[in-house]
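Throughout, read-outs are computed from the coordinates displayed, never taken from laboratory work. Since the model is a prediction, treat every value here as computed from it, not as a measurement. Cβ coordinates were reconstructed from backbone atoms using ideal geometry, including for glycine residues, and neighbour counts include every protein chain displayed.
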Amino acid sequence: MDMTLTAPRVTYLNHEHTLKSWLLTKDHKRIGLLYMGVVTFAFFLGGVFASLIRLELATPAGDLVSADTYNKMFTMHGVAMVFFVLIPAVPAILGNFILPLMLGAKDVAFPKINLLSWYIFVIGFLFTVYAMVTGGVDTGWTFYTPYSSRASNTNVMATGLGVFITGFASILTGVNFMVTIHRMRAPGLTWFRLPLFVWAVYATALVMILGTPVIAITVLALAIERFLHFGIFDAALGGDPVLFQHMFWFYSHPAVYIMILPPMGAISEVIATFSRKPIFGYSFVAFSSLAIAIFGFLVWAHHMFVSGISVYSALVFSFLTYAVAIPSAVKTFNWAATMYRGAIWLKAPMIWAIAFLGLFLVGGLTGLFTASLGVDVHLHDTYFVVAHFHFIMVGGAIMGYFAGLHYWWPKITGRMYSDIWAKVAAIIVFVGFNLTFGPQFILGYLGMPRRYHVYPEEFQVLNVFSSAGASLLGVGYVLIAIYLVASLFKGELAGDNPWHATGLEWTTQSPPLPHNFETQPVVTEDAYEYSKREIKVV
Amino acid sequence: MFSGIPLFPEQASSLAADVDALYFFIVAVTAFFGILVTVVVLAFAVKYQTKDPLAVGARIHGSIPLELAWSIIPFVITLVIFFWSADIFFQLQRPPDQALEIYATGKRWMWKFQHLNGQNEINELHVPVGRPVKITFTSEDVLHSMFFPAFRVKADAIPGRYSSVWFEATDVGEHHLFCAEYCGTKHSGMVGKVVVMEPTAYQAWLSGNSAGESVAARGERLFGDLACNTCHLTDGRGRGPSLVNKFGAVEALASGGTAPIDEAYVRESILIPQAKIVAGYQALMPTFQGLVSEENVMALVEYVKSLRVSRVATAPEGAHAESTVPAAEENR
């Protein structure tokens, strides 16, 4: 490291100090940090619920909490994690912070709307937290009817309202990012010179804009049935319970791509940076994001193979599901190929990215089982599915978020965290995660259904392994919090470009200026042109 | 250390081994690709590692042949899995014609089974070994899902609809029955067992438990009690169509078009008669929604089924139960 580093005098963090300057900020970087605050709290909340679930499942009997409490635990774990962590984590935190920097822009296209998105998000979150503290909700995060519309006497509607409101934050963020990418690129930054993170965020914005209104409609229809007793989903009122599942998954399956596409983009950045090479097959990786976003809308009923859809529609949805698996496979192969003949610098973000690759691989490949009609009849609603989607959502989305967070942390804070502790945490999380969810694949094939408060005794040993793994996972997450917070006080100064990376975000100071760049950057080369830079360095 | 821990479920139905074979094929495919990518990534990370932050990698931008290879090869493999899966799915969805029929309803938080001879049981199901069994069921309240892990079959119980699962048990013994679709407080208590018995023992169990009237007989009694028989005359001269020999046939509708008469059709015609009117008849029938329980609707359905003159199923239940395993094999 350069010994002559000095902290920049004026940054987006220190140019204003008041609480008001944060709560009324239109700076995309500060808004990104505001999101980080709420999302981190939601992650903690969801993690507490997860811990209680794993503690309860350490024994076959229902001896820690009552059945009703258990049902609320897994519901609120899912609601907090899906709507308030996974969906906003990478786009709203890292996307907000990095996207304009990557584009060489002063801010997003609509800074005021960006702030409005955060407030809408917080209001939605407060409704949900209100629902949780005033009795909770027990429908499962999927809100399946007619249980949610007729049977449950918990806070279904307050939670639903929270989800409904939060959706608008997602839509506005999607619009904002899409316009920003179209209109705010620096001179010379053509579409095929964009960092792949930008392509991933663009594809995500598409899904946010097109998909999110459907969950709003679905929740609204549920409210109409619950309060006004209009028969929409309830067979006793002349409705159709399966219709709810179609509408719910029409959003909630694409929502999985809102969760996973941006982390995939972050992984592309990290792997290119620490391999000192352009991403192998740039345009294939870029277009695979769009392919995933578009095909992702055509596979929703693969959640419903045993839910009363016809044999022929099951066939179509199974086929399309296999089709959407291909772009994800293409990305993975390209990431691996990018490392070929690279100059691989194994700093902490790269370790996180490699851990991501391992877990995402398992998550993606186990999707081949659940997409298989003949096997899914057995696997549906078992722990196999629980394990599969945690490998995607935690092993993929959360690991990708941490890879990105470790990568951009020096840019965000201007400080370096402990590289060695960050590597230790990555390994603890990787091992803990596999120990938690690996046994659940076996449990699932054995037939243990999900959402069970008590279970047959022969499943106990595997559940104990899973709970032990969850403890380790918890230790890993706490460790991350410790060394990242410590870095704010004791971390070395990062300098503009601690990773010697390409990309406009590394050409400005760390932490960046309030308006990002001193002069308008101009781009004259493709992304990740490390070999050209070598000539300059030498 | 792992001696007491189950790692693989029992295979107790005729299709379980087929499902497992496909499962192991996918395990092999995914293990191959999983290990391949992992080894490649780790090997590259070790081989090309550098401590020099200013070193740069080779300037490689990609390879069209490689991109095509790793798009097309996985796609072809997934096609193999897709067609194999679809074949098994069709088998799982299509019960053999000669299946022993059982009716069931799911309600919070129990499964109630009705055998055709009138025998009822709750959270327990007795079936004979070596004979296809088809369970037709619905839910009386919220969603449930009937799941027999040892048989590799599952289907949601949906209020307002009939679902079915079928299996042919291959081993005498007891296996789990689970509710797999979340249904509220005691979801994990909505469990039971399926007891697979030798045909003779099954027959003894069936007759030994003093069954009352058969399901079809109860349906016939309800048919009279609800005054269905005042319009649905057997000679076809009533205000409603005759139901004799109707089940399994295709009905011409007043709205044009046709509809196959199956369990769902009969159920709908009882509860929502206006939905499909038979050609040549008027929409006179009142709805029985809310007046007939799901179990009684099933009895009426079974009665309509029993009006088929030509079918074996109208014979007394004992005639089936005595069939031996090889005979059941022939039926398939």
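Taking a quarter of the surface of the convex hull around the Cα atoms of segment A:413-538, what do you get in nm²?
Projected over every direction and averaged, the Cα hull of segment A:413-538 covers 12.8 nm².
Size of segment A:147-266 along its principal axes in angstrom, Cα-based, largest extent first?
Largest to smallest, the principal-axis extents are 61, 21, 21 Å.
Among A:His378, A:Met157, A:Ala105, pick out the residue whose Cα is farthest towards the positive end of the charge dipole of the protein assembly as shown, where Lys and Arg carry +1 and Asp and Glu carry -1 on C-beta, about the Cα centre.
A:Ala105
So what J values fall out for segment A:521-529 if you push phi through Karplus, 6.51 cos²θ - 1.76 cosθ + 1.60 with θ = phi - 60°, rounded to Hz, Gly and Pro as x?
So the J values, rounded to whole Hz, are x, 10, 9, 10, 9, 5, 5, 6, 8.
What is the mean number of Cβ atoms from other protein chains located within 10 Å of the Cβ atom of each residue in peptide A:377-386, rounded to a whole number?
Taking the mean over all residues of the peptide, I get 5.
Express in whole angstrom the spacing between the alpha-carbon centres of segment A:296-344 and segment A:69-145.
26 Å
Sort A:256-266, A:228-238 by the packing proxy (mean of other Cβ within 10 Å over each peptide's residues), most packed first.
Output ranking for A:256-266, A:228-238: A:256-266, A:228-238.
In whole angstrom, how long is each semi-axis of the equivalent ellipsoid of segment A:260-324, when you take the square root of 5 times every eigenvalue of its Cα gyration tensor and sort them from largest down?
Square roots of five times the eigenvalues give 34, 11, 8 Å.
Report, in degrees rounded to the nearest 10, the 0 to 90 angle that the Cα long axis of helix B:199-208 makes with the longest principal axis of chain B.
For helix B:199-208, the angle is close to 40 degrees.
Counting only DSSP beta bridges with both residues in the protein assembly as shown, tell me the antiparallel percent, nearest 5.
Percentage antiparallel, nearest 5: 70.
Given the pairs A:Lys72/A:Lys112; A:Lys277/A:Lys490; A:Lys411/A:Lys532; A:Lys106/A:Lys277; A:Lys26/A:Lys423, which span a C-alpha to C-alpha distance of over 25 angstrom in this model?
Pairs exceeding the cut-off: A:Lys72/A:Lys112; A:Lys277/A:Lys490; A:Lys106/A:Lys277; A:Lys26/A:Lys423.
Roughly how far apart, in whole Å, are the Cα centres of segment A:219-262 and segment B:26-79?
40 Å
What are the radius of gyration and Dmax of segment B:215-314, computed over its Cα atoms and given in Å?
12.6, 34
Which whole-number percent of Cα pairs in the protein assembly as shown have a distance greater than 46 Å?
Pairs farther apart than 46 Å: 31 percent.
Taking 25 °C and 0.890 mPa s as the conditions, I'd like the Stokes-Einstein D for segment A:32-537 in µm²/s, using the Kirkwood hydrodynamic radius from alpha carbon pairs.
Answer from the Stokes-Einstein relation: 106 µm²/s.
What is the average number of partner chain Cβ atoms found within 10 Å of a Cβ in A:496-502?
For this peptide, the per-residue mean of nearby foreign Cβ atoms is 1.
Using only alpha carbons, build the gyration tensor for segment A:333-403 and give me the equivalent ellipsoid semi-axes, biggest first, whole Å.
29, 14, 6
When the Kirkwood radius is taken over all Cα pairs of segment A:2-136, what Stokes-Einstein diffusion coefficient follows at 10 °C and 1.306 mPa s, in µm²/s?
Approximately 92 µm²/s, per Stokes-Einstein.
If a helix is a whole DSSP H run, which ones in chain A reach 15 Å or further along their own axis (Cα) and hold a mean Kyte-Doolittle hydropathy of at least 0.5?
Long hydrophobic helices here: A:28-56, A:111-133, A:156-183, A:196-228, A:241-275, A:282-295, A:311-338, A:348-370, A:419-446, A:460-490.
Could you compute the net charge surrounding A:Ser21? Neighbours are other residues with a C-beta less than 11 Å from the C-beta of A:Ser21; K and R count +1, D and E count -1.
Net charge in that neighbourhood comes out at +1.
Which one of A:Thr11, A:Leu64, A:Ile31 is farthest out on the positive end of the charge dipole of segment A:1-64, using unit charges on Cβ (Lys, Arg +1; Asp, Glu -1) and the Cα centre as origin?
Result: A:Thr11, furthest along the dipole toward the positive end.
Quote the Stokes-Einstein diffusion coefficient, in whole µm² s⁻¹, for segment A:286-411, based on the Kirkwood radius over alpha carbon pairs, a temperature of 25 °C and a viscosity of 0.890 mPa s.
Diffusion coefficient, whole number: 154 µm²/s.
So for segment B:81-157, what are the equivalent ellipsoid semi-axes in whole Å, largest first, each being the square root of 5 times an eigenvalue of the Cα gyration tensor?
Values for segment B:81-157, descending: 23, 17, 10 Å.
Would you work out which of A:Val299, A:Thr519, A:Ala353 lies farthest towards the positive end of the dipole of the protein assembly as shown, given +1 charges on the beta-carbon of Lys and Arg and -1 on that of Asp and Glu, about the Cα centre?
Sorting the options by dipole projection puts first A:Thr519.
To the nearest Å, what is the center-to-center distance of segment B:259-283 and segment A:518-532, using C-alpha atoms only?
Cα centres, segment B:259-283 to segment A:518-532: 71 Å.
Quick one: pull the percentage of alpha-carbon pairs in chain B with a separation above 30 Å.
Within chain B, distances greater than 30 Å cover 50 percent of Cα pairs.
Would you mind giving the mean number of other chain beta-carbons within 10 Å of the Cβ of each residue in A:438-446, as a whole number?
Going residue by residue through A:438-446 and averaging, the value is 3.
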